[in-house]
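Structure first, commentary second.
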Amino acid sequence: MEKRPRCPDETLKKLPTYKEVREHVLRVSEEPLALPRSVSKKALVKYYTKIDKIREYLVKNVLNPLSALRDVLEVSFYEKIAANTLPEGVSAKEVTNKLIGKIRIINKLSREYRSKIAVSFDSAEARELYREYIGRVLSIVRRLSKLIEMTNNAIFELKRTPCIDPSVPVVAVAGLPQVGKSTLVSVLSTAKPKSSPFPFTTKEIIMGHVNVGFRRLQILDLPGILDRPPNDMNEIERKALIAITEVADLVLFIVDPSEDFYYGLESQLGLLRSLKDWVNTDILVAINKVDKVSMDRVERVSRAIADVLPNTKIVTISALKREGLSELMNAMIELLNKISK
Ligand SMILES: Nc1nc2c(ncn2[C@@H]2O[C@H](COP(=O)(O)OP(=O)(O)O)[C@@H](O)[C@H]2O)c(=O)[nH]1
Ligand SMILES: [Mg+2]
């Protein structure tokens, strides 16, 4: 049987907020319960049936999604993507485990109150116990509001992150904003990311597939990264960096050689220099947009890149005009053949 990669899928759902839990609990408390005539001690049965409903709701809507989350967080890539949405120093796994622990406490309370109600003296006592139960459950959930909110931010982000198959090679397309990453990914792969003349159009990690001969690749279109230390990067840039360092088997670094390129050549060389230290994979460099610059300029840019990465392979392409793409693919395959996937 083929092993399914561990991914953020439909079992990973947003958790209900305190307000939503409270509304649900109140609805259950108020709704009339039709019990069969044969049931004796109707009032008692009524209250512990309501307890069962509340417990089932919390298992289905809170505990199950949290178990799915805990599973996904076992993959270091997703764990870092989740952590990227959390305040500094907060661990996604710790938050998840804490919430799971609290829901287990509620489950235990549910069992306790169910037994107490089952042996209660009369319906007034049963109602009192039920009220006490509701009060305790809601007070636990209310105190978890902040953690639920943080977890929902992480879940929201994870659900927008593609399912990456660890058995298929991954090429991460990196570079400054506006160099043509999205244009290239859309001409090479099944993914059709938006490209535009405005920086920071790409805010998500987008995955496309490429078939070359018998080879299948996953190619990631990433948000642009500026040439600055990771601590100064914003959440979106850091997301790109996480993909590069956690899942890439090859980094394809795109350079815009244009003289009038907004961020200039120096900052592209600066980022390339940093990437060299941040990644363990090969870096393949593609000088893009050769349709709009002179050969002389391409050669000069090429030499500057070789100064930063002396042994790296450099190809020249135009993503827009679809030039140089087969040379690029060949260079990618050659580098990926070195790894065992
Ligand atoms: N002349 C030219 N323009 C390109 C080429 N590739 C991309 N562009 C343009 O560069 C701009 C930024 O492209 P985009 O793919 O969004 O860049 P990204 O920010 O790196 O994803 C868009 O206006 C593209 O049309 C190319 O090969 N030649
Ligand atoms: Mg883009």
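The values are calculated or read from the model by the stated rules, or taken from the named source; none is laboratory data. The model shown is predicted, which means the values in this text are computed figures rather than measured ones. In this analysis, Cβ positions are derived from the backbone assuming ideal geometry, glycine residues included, and neighbour counts consider all displayed protein chains. When the accessible area is computed, the model is the full protein with side chains, heavy atoms only, and any ligands, DNA or RNA have been set aside. Shrake-Rupley method; radii C 1.70, N 1.55, O 1.52, S 1.80 Å.
Can you tell which of T17, F261, A118 lies farthest toward the positive end of the dipole of the chain, using +1 and -1 charges on the Cβ of basic and acidic side chains (Lys, Arg; Asp, Glu)?
Positive-end residue among those listed: A118.
For the chain, what is the accessible area per residue in Å², given a 1.4 Å probe and the full set of protein chains?
On a per-residue basis, 51 Å².
In whole Å and largest first, what semi-axes does the C-alpha gyration tensor of segment 18-159 yield when each eigenvalue is scaled by 5 and square-rooted? Display every interim value, and only then the final one.
Working: eigenvalues 257, 34, 30 Å².
Values for segment 18-159, descending: 36, 13, 12 Å.
Cα atoms only: what Rg and Dmax, in Å, come out for segment 170-336?
My reading of the Cα-based Rg and Dmax gives 14.3, 42 Å.
For Y262, Y78, write out the residues from largest to smallest accessible area, computed with a 1.4 angstrom probe and no ligands counted. Spell out each step's value before the answer.
Numbers: Y262 185, Y78 5 Å².
Sorted by accessible area, descending: Y262, Y78.
List the aspartates and glutamates whose Cα lies under 12 Å from the Cα of K42, skipping any in the same chain that are fewer than 8 positions away.
Counting by Cα, and skipping residues close in sequence, K42 has these aspartates and glutamates nearby: D122.
Starting from the residue with the highest accessible area, list T201, T161, T11, T190 in decreasing order, probe 1.4 Å.
Ranked list, largest accessible area first: T190, T11, T201, T161.
Compute the length gained on full extension between A306 and R104: take 0.36 nm times their separation in residues and subtract their Cα-Cα distance, giving the result in nm to one decimal. Show your work: numbers first, answer last.
Working: separation 202, 0.36 × 202 = 72.72 nm, distance 5.81 nm.
The A306-R104 span can extend by a further 66.9 nm.
Treat every Asp and Glu Cβ in the chain as -1 and every Lys and Arg Cβ as +1, leave all other atoms uncharged, and give the resulting dipole magnitude about the Cα centre to the nearest 20 debye. Walk me through the numbers before you get to the answer.
On the way: 55 positive and 43 negative charges, 421 e Å.
Result for the chain is approximately 2020 debye, rounded to the nearest 20.
Report, in listed order, any pair from K146/K203; K13/K239; K19/K41; K14/K50; K14/K116; K13/K41 with a Cα-Cα distance greater than 29 Å. Write down the numbers at each step before the final one.
Details: K146/K203 26 Å; K13/K239 21 Å; K19/K41 32 Å; K14/K50 24 Å; K14/K116 33 Å; K13/K41 38 Å.
As for pairs spanning more than 29 Å Cα to Cα, those are K19/K41; K14/K116; K13/K41.
For the chain, give the percent of accessible area contributed by carbon and sulfur heavy atoms, probe 1.4 Å, rounded to a whole number. Could you put the intermediate results ahead of the total?
Values: 8920 of 17540 Å².
That share works out to 51 percent.
What is the distance, in nm, between label points placed 7 Å from the Cα along the Cα-to-Cβ direction at M295 and at K19?
Inter-label distance under the simple model: 6.6 nm.
Within straight cross-link reach of K338, meaning Cα distance under 16 Å, which aspartates and glutamates are found once same-chain residues fewer than 8 apart are removed?
Hits, sequence-local ones excluded: D249, D282.
Report for segment 170-336 the percent antiparallel among DSSP-assigned beta bridges with both residues inside it, nearest 5. Can you show the working numbers first?
Working: 8 of 25 bridges.
In segment 170-336, approximately 30 percent of DSSP beta bridges are antiparallel ones.
To the nearest µm²/s, what D does Stokes-Einstein give for the chain at 20 °C and 1.002 mPa s, using the Kirkwood radius over alpha carbon pairs as Rh?
92 µm²/s
In what order, largest first, do R228, R127 sit by accessible area if the probe radius is 1.4 Å?
Largest to smallest exposure gives the sequence R127, R228.
Based solely on its DSSP helices, what 222 nm [θ] is calculated for the chain when runs of n ≥ 4 H residues each add -39,500 (n - 2.57) and the sum is averaged over all residues, nearest 500 deg cm²/dmol? Mind showing how you got there, number by number?
Working: 12 runs with 171 residues, N = 341.
Value at 222 nm, helices only, nearest 500: -16000 deg cm²/dmol.
Would you work out if segment 239-331 is rounded, prolate or oblate? Take a ≥ b ≥ c from the square roots of the eigenvalues of the alpha-carbon gyration tensor; rounded if a/c is under 1.5, else prolate when a/b is larger than b/c, oblate otherwise.
On the way: a/c = 1.70, a/b = 1.36, b/c = 1.25.
In terms of gyration-tensor shape, prolate.
Put a dot 7 Å past each Cα toward the Cβ at R215 and E125; how far apart are the dots in nm?
Between E125 and R215, the label points sit 7.6 nm apart.
Of the peptides 138-145, 172-179, 235-242, 87-94, how do they stack up when ordered by the mean number of other Cβ atoms within 10 Å, highest first?
Answer by packing, highest mean first, reads 172-179, 235-242, 138-145, 87-94.
Segment 276-341 to segment 96-142: how many Å between their Cα centroids?
63 Å
Taking the Cα centre of segment 141-184 as origin and charging only Cβ (+1 Lys, Arg; -1 Asp, Glu), how large is the dipole, in debye to the nearest 20?
The calculated dipole for segment 141-184 is roughly 280 debye.
Starting from the Cα of K321, draw a straight line to each of the lysines and keep only those under 16 Å, dropping any in the same chain fewer than 8 residues away.
Partners within reach: K181, K289, K292.
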